[in-house]
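Have a look at the structure below, then the notes.
The values are calculated or read from the model by the stated rules, or taken from the named source; none is laboratory data. It should be emphasised that the depicted structure is a prediction, and the values quoted were computed from it without experimental measurement. Positions of Cβ are backbone-derived with ideal geometry, glycine not excepted, and every protein chain shown enters the neighbour counts.
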Amino acid sequence: MGERRAHHGENAETNGIPGRVYKDKFAESELENPTIASVYLDRVIEAYIRIFECEPADDSPGVNAINLLILKGALDALLEIEHLAPAVSFAVVPRLQSRDGETLPQ
């Protein structure tokens, strides 16, 4: 996968596949081996952030990244949330507007 990413550049798909694998591995190891789970959590967070950076109009990866950063709970995670939150909020607004048919203040 790393070779493909380097050859074709990053996009949501090339980051989404490893992100899904890391998310599953995190879930599997969370109770049995918290140290390993922490490594997988960091990797899945990184994947979701990269997906969001590739597709900033798709709010789901950004929302997922923020949720996992909250789960992580470390100071660096909270700082990353501060960095991501404005862009994720901006991406969420159009989806909410289309769902509710209302214009939300920005």
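Testing Gly16 on (1) modelled with pLDDT of 90 or more; (2) surrounded by 17 or more Cβ atoms within 10 Å (Cβ to Cβ), one condition comes back false. Which one is that? Of everything listed in (1) modelled with pLDDT of 90 or more; (2) surrounded by 17 or more Cβ atoms within 10 Å (Cβ to Cβ), Gly16 misses just condition (1). Determine which member of the set Asp76, Asp24, Asp58 is more than 23 Å from Glu10 (Cα to Cα), out of contact with any strand residue (DSSP E or B) (no Cβ under 7 Å at 6 or more places or on another chain) and surrounded by fewer than 17 Cβ atoms within 10 Å (Cβ to Cβ). The match here is Asp76. Of the residues making up the range 79-100, those that are surrounded by 13 or more Cβ atoms within 10 Å (Cβ to Cβ) and among the charged types (D, E, K, R) are Glu80, Arg95. Here are some conditions: (1) at pLDDT 95 or above; (2) in a loop (DSSP other than H, G, I, E, B). Pro56 meets all but one. Which one does it not meet? So the condition that Pro56 fails would be (1).
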